[in-house]
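Only the coordinates and a few stated rules stand behind these numbers; no lab work does. Bear in mind the structure is a predicted one, so any value in this text is a computation, not a measurement. Every residue, glycine as well, gets a Cβ built from its backbone with ideal geometry; the counts of neighbours run over all protein chains shown.
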Amino acid sequence: MSDCIFCKIAAREIGSTVVYEDEEFLAFRDINPVAPTHVLLIPKKHVSSLLEVPEQDAPLMGRMLTLAAKLAGQLGLAEDGFRVVINTGKNGGQTVEHLHFHLLGGRALQWPPG
Ligand code: 5GP
Ligand code: ZN
């Protein structure tokens, strides 16, 4: 989508610190990290939120989830643990309407979230 900030990041029209890329996905550092490691993982294909993932993209979502675990390992988070978060909609705290996983680690995270 032309006015979507994460589509622009995926198209390299907006700069970011990329930590992983393949044909389907991009992972980059959050501009406003809330943990020592805070990476955003997005599908390059625009999907506005988890609620909008079409049924036929279930395999893509499966690959995204296994990639999140692989990246967590590469980022050094596997031993101590980490969190994968998908904020969705107003009450979920979603501010960017392009599906993204937050990979958070490097410190003990509180539960329940605020
Ligand atoms: P949400 O609140 O939608 O779950 O998460 C959106 C995230 O995107 C926020 O953590 C925010 O800091 C991050 N973000 C917003 N704009 C940019 C940007 O231009 N570059 C990067 N790297 N992160 C961004
Ligand atoms: Zn987008």
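Below, the figures for the structure above:
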item: For the range 16-79: rounded, prolate or oblate by the Cα gyration tensor [a/c cutoff 1.5]; result: prolate
item: The chain, helix-only ellipticity at 222 nm - DSSP H runs n ≥ 4, -39,500 (n - 2.57), divided by all residues, nearest 500; result: -6500 deg cm²/dmol
item: GNM top mover of Gln74, Gln56, Gln94 - the chain, alpha-carbon springs below 10 Å; result: Gln56
item: Gain in span if fully extended, Glu23 to Asp80, counting 0.36 nm per residue against the direct Cα distance; result: 17.6 nm
item: Fewest-first ranking of Ser2, Ser48, using other Cβ atoms within 10 Å as the exposure measure; result: Ser2, Ser48
item: Inter-label distance, nm, simple model (7 Å from Cα along the C-beta direction), Lys44/Asn32; result: 2.9 nm
item: Rounded if a/c under 1.5, otherwise prolate or oblate - the range 52-105, Cα gyration tensor axes; result: oblate
item: Sorted largest first, extent of the chain alpha carbons per principal axis (Å); result: 37, 29, 28
